[in-house]
Every structure is written in C-alpha cells, then in structure tokens.
Amino acid sequence: MDNEQIKATILEYVQGSDHPDLDVYRRDVKPELLDLWLRRLDQYGALGGFQGQHILEAGCGFGWDAVGLSLKFDAKVTATDILPSMIDGVTQCLAAMAAKGKPLNVEARQADICTLDLPDNSLGGIFSSEAVEHVHSLEAMYANCLRMLKPGARLLIVNDSNCYNPEMRDRNREMWVERDESFEHAQWLKEEVRPVEHANAKPYQAMREDIIREAAPELSSEQVTKIARATAGLVRPEIVAAVAAYQRDGSVPVRPENSWCRNPETGEYAERLLDPFEMRDGLRAAGFRTQLRHLFTKMPHRLLNGIAIRPINEKLFGMRPQFVLVAEKPA
C-alpha cells in the first residue's frame, strides 16, 4: 500500500469509534503531520527489521502505529495495551474497518507486557513508542520480550522521557507534583483526558494516605502526611512495610529522583524520567545485543545517530530528548 493510501486509511480508522478515551488521541491525528509520521515508520521498520513479520506493539494506545506498521511493512501486528479502555477503542476501530470490507491485519489484546503469555520464539519484532515510561518493571519487560522474540529478531524502543534533557525534566517534575497532590488535576484527567480510564482518579498522595490509615489508623494526620510524602514511588506492600518501619524506629524512605510519581495500587508510573544508558545496560544484562541511537534526519546531526560516545550522546539528548534502543535477540 502506498503512502497516500495509508494516510487515507488512518484518517478513516481513527473515526471508527466514539469511545471517549480516544478523543484526546484523535485530536493529534492531523493530516499535515502524517507525512512526518510515515517517515518515522520507515525508520522504525528499517531499524526493527519488521518487513513481513509478526510484530507485537507494547503500549499501543489507540492503535494508529500498529495499523501503520501493518500496512507499510505487510506485517501482522498484535497491538497490546495494559489499559482496557484503549483496547476497547482499538477493537471498535478495527471492527468498523472490517464492517466496511477493509479488514486490517491487526489484533488488539489487553495485556501487561511484563506477563504477556505469547509462545516462546514466536515474534519477528516488538515495537514500543512512548510507553515504557509507564511500565512497572523494565527488567520483567526485557525478560519477557527476549523470551517471545525469535532468535535474530529485535525489540525497538522509542521514547523521549529522557532524564538528560532539561526541558523534559522540568516538564515531568511539574506534572508529577500535580498528579501526586492535586484534586483539580485528577478532575481534569476525568473530564478532559480519558474519562473512562480516569473515572475514579485520585491524587496518588491521597491514595497512599488511605493505605497508611488502613495499615495504622492510630497515626496522626501529621504522621500520615509525612509517611505519604516519603513513600512516593512505592506500591501498597512497600508502603505498609514503610509504615511498620516508621512505627518501629521513626525512619522513612527516600523518594527516587526520577521515578516517584507512581500509582500505589497498580505500580504503573506516570511519565517517569528514563536513563537511556541504564536502559541499554539493562537490555544487555537481559541477554540482548543493544545499540542506543538517535533519530536525527538532517545533516550534520544525522551522522551522529549511532555514535557510542557517552559525553556526546548526553549533549545530543540535551538538544533533543528522543532516543531509540535497538535490542536484538542473539541467533
């Protein structure tokens, strides 16, 4: 299928569901941006070796990358997301296309990439764009992806939540405070972002306070607030353990610098800041052959896309936060 046909298909696909959680994404699908999107898909397909493969997308959102990869590279795509509301919308969009006699080679599946149970050595590629900053355990994700990939196949991670970029750091940390403390922000999530997913949204600190009061109702309000602030980034069992430690010796945890905005019940992160070098090393430790890259398209920066010198990479991340990890399972 040529690029004009792919663009027309995407514009039709995104109108296939009236699911309210898709509205915020549908606003981003602008015809004038589709040429850039297609150029990005070309880069992803080349780096991932996706032509004619069965690809898994981890964190598909409403599925337009999954559809684009399928059409552009004649690939079967299993599109997964941990959020049921996203998969409901994707399923509706796929069904609408099929009802028009335009079926797409995409399967939607609600799943956690850390525990997804596809067969060993069954996938010709895995793709994830702007999603891993939410994953509760990157180590578990890497291990499961390695298991599911065929020997020689690649995991391609694209992200811009980069701790080396000052603008991204400032933006994320400002957002974390709102998500953790603000009831107004929670209401905005319900009304303007994803009303189904966030129907019961509550500030994360308030959620931690509920857990602390449940574990130790005798604590004062001041003590509850102190522990709640210190346990940002922890999940329920860890918070309960922190309460016990506080009662025993008065100690409280130290919140992590780049990853403390986290749902204490599900473990999912809200846009944590990622360290691309740590991720590269983690993928290598999991058993992948891994390269850290950039996606510059213009000269002279394009010459630096694959450079392996860390100080230069850090400077490049300061200019532009986006990074790519190409992780290949050894044959």
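What follows is calculated from the coordinates using simple rules that are stated; it is not laboratory data. If you're wondering where the values come from, they're calculated on a predicted model, not measured in any experiment. Positions of Cβ are generated from backbone atoms using ideal geometry, with glycine treated the same way; all protein chains shown enter the neighbour counts.
Principal semi-axes of the equivalent ellipsoid, √(5λ) from the alpha carbon gyration tensor of the chain, are 35, 24, 19 Å from largest down. In plain terms, the chain from GLU178 to LYS30 could stretch by 50.4 nm, reckoned as 0.36 nm per residue minus the Cα-Cα distance.
Between VAL252 and GLU4, the FRET efficiency estimated from the beta carbon spacing at R0 = 51 angstrom works out to 0.30. Of the beta bridges in the chain, as assigned by DSSP with both residues counted there, near 40 percent are antiparallel. Fewest neighbouring Cβ atoms within 10 Å first, the residues ARG208, ARG171 line up as ARG171, ARG208. Approximating the spin labels as points 7 Å out from Cα along Cα→Cβ, the LYS100-to-ARG289 distance works out to 4.3 nm. Axis of helix 204-215 versus longest Cα principal axis of the chain: the two differ by about 50°, to the nearest ten degrees.
For the chain, the number of Lys pairs separated by eight or more positions or lying on different chains, with C-alpha atoms closer than 12 Å, is 4. The long axis of helix 276-286 is offset from the longest Cα principal axis of the chain by roughly 80 degrees. Descending by average beta-carbon neighbour count within 10 Å, the peptides 51-60, 6-15 line up as 51-60, 6-15, the highest first.
Taking Cα atoms, how many degrees apart are the long axis of helix 310-319 and the longest axis of the chain, rounded to 10 and kept between 0 and 90? With rounding to tens, the tilt is 90 degrees.
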